[in-house]
Amino acid sequence: MTATRKHLLSRRSLLGALGAGGTGLALSACGVPPARVAPGDRARTDLSEAEPRVDFANWPLYVDVDEDTSRRPTLDAFTRRTGISVRYREEINDNDEFFGKIGPSLINRQETGRDLVVVSDWMAARFVRLGWVQEMDRARQPNVARHLDPQLLDPAFDEGRRSSVPWQSGITGIAYDRRRLGREIRATADLWADDLRGRVTLLSGLDEAFGMLMQGDGVDITRWRADDFHRMCEHVEELVDRRHIRRFTGNDYIKDLASGDVLACQAYSGDVIQLQADNPDIAFVVPEEGGELWSESLLIPNRARHKANAERLVDHYYDPETAAALAAWVNYVCPVPAAREVLASSGDEETAALAEDPLIFPDAAMRARLAIARDITPRERRELARRWNTMVGL
């Protein structure tokens, strides 16, 4: 296996700040209240054998692309091996926007035109809660059963990962310019030191930001309460009032950190790996109090025409060789630990180095500081989003 690192704008950094539940408003405006679909209404006749194809919707820049052509090597390999063609669409630019796009079909028990989609786990929780996705048949997925990272196996929203499988994972932590700052950052509290006044940014998206910030207050984010959230907001509001926080950002923290306008920021691990290729002084730290481990997951929507084919494609990406090729391209936390050995034995020095990168394959010490936040329930979301959005100016 040979893989080459690509220094691309990260897909994760394209997430907008619409994690506030705006989709509920959109559905209400259409006069169609959100409706849970019963298990018996989720499937249709599977046409996988008659139609050897699969329709796959994903985020931009989230699968490997050949350096000289527009081919996608790992998808092409699946088609060669199985004879199943893949219609691959980079059409997901925001979780809520995509929810609104396919939601009307799912509410009305209709096909979405997609057999496989990738959304952030907080949005996957919404799909699972509404009964908008089908359980996968693990008999068709021996690689998933064998190789899925145990730390990602049992999220609160989908016990045993029956209806979702991680595509890639990542860590929300702190990025900073070690040379310009002139000191180390080890804890979230280090962001509030006087020498960072006006030179620090936080993420603007509620679901992307709140976990690490609450960990900085000593909260166990696997079981946080509304009081924990409001106490964290009070602290952040004080920092905003003192103009300590420069601003709240989406993907543009990358530009600010690279230019030196910002010295430290809340950031995603995969972005920083790419920044370090151009500036080795950029560091990423999982705070001593902990960092949030998140995933974007593969789901099979209700009424998918090619469910069996989709399940086979999911399993293809859990083959360690395939997972290694994808990890070498996207540089996020690989959900297949066995891919580490594939990269280590690649024979290419740069590729082999990825196997030792704890931001792709977290070691035991880092894993001990990572936690998966429980998701925000529908009942909580309206109140919490209102306060968060007011604070960040959305």
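No value in this document is a laboratory result; all are computed from the given coordinates. On a predicted model such as this, the values are computed, not experimentally measured, just so you know. Every residue, glycine among them, receives a Cβ derived from its backbone with ideal geometry; neighbour counts consider all protein chains shown.
Which entry in (1) 22.9, 76; (2) 21.9, 75; (3) 20.7, 65 is this structure's computed Rg and Dmax of the Cα atoms in Å?
Here Rg and Dmax of the Cα atoms in Å agrees with entry (3).
Please build a GNM for the chain, connecting alpha carbons under 10 Å apart, and tell me which residue among D271, D64, D281 fluctuates the most.
D281
Please find the FRET efficiency linking A364 to D227, where r is the Cβ-Cβ separation and R0 is fixed at 41 Å, and quote it to the nearest 0.05.
Here the calculated transfer efficiency is 0.80.
When the helix-only estimate is applied to the chain (DSSP H runs of n ≥ 4, each -39,500 (n - 2.57), divided by the residue count), what is the mean residue ellipticity at 222 nm, nearest 500 deg cm²/dmol?
Computed mean residue ellipticity for the chain: -10500 deg cm²/dmol.
For the chain, set up a GNM with springs between Cα atoms under 10 Å and report which of Y88, Y62, Y176 has the largest fluctuation.
Ranking Y88, Y62, Y176 by mean-square fluctuation puts Y88 first.
Please give the charge dipole size of the chain, origin at the Cα centre, charges +1 on K and R Cβ atoms and -1 on D and E Cβ atoms. Round to the nearest 20 debye.
Charge dipole, the chain, about its Cα centre: 1140 debye, nearest 20.
Would you calculate the separation in nanometres between label points at D261 and E350, each defined as 7 Å from the Cα along the Cα-to-beta-carbon direction?
The modelled label-to-label distance comes out at 2.9 nm.
Exposure proxy check: R387, R161, R243 ranked by fewest other beta carbons within 10 Å?
Least to most surrounded, the residues fall as R243, R387, R161.
Hey, rough spin-label estimate for T82 and R387, points 7 angstrom out along Cα→Cβ, what's it come to in nanometres?
4.5
Could you tell me which of A310, L293, V240 has its Cα farthest along the dipole of the chain towards the positive end, charges placed at Cβ (Lys, Arg +1; Asp, Glu -1), taken about the Cα centre?
A310
Compute the distance from the alpha-carbon center of the range 163-181 to that of the range 187-234, in whole Å.
15
Thinking of the range 69-189 as a set of Cα atoms, what percent of all their pairs are more than 17 Å apart?
70
Cut-off 10 angstrom, C-alpha nodes, Gaussian network model of the chain. Which of A308, A264, A50 fluctuates the most?
Checking each option, the largest mean-square fluctuation is seen for A50.
Rounded to the nearest 0.05, what FRET efficiency do E90 and Q110 have when you use their Cβ-Cβ distance and R0 = 22 Å?
Efficiency at R0 = 22 Å is approximately 0.40.
Between D220 and E49, what is the FRET efficiency for a Förster distance of 35 Å, r being their Cβ-Cβ separation, to the nearest 0.05?
Approximately 0.15, to the nearest 0.05.
Compute the length gained on full extension between A145 and N279: take 0.36 nm times their separation in residues and subtract their Cα-Cα distance, giving the result in nm to one decimal.
Here the segment from A145 to N279 would lengthen by 44.4 nm.
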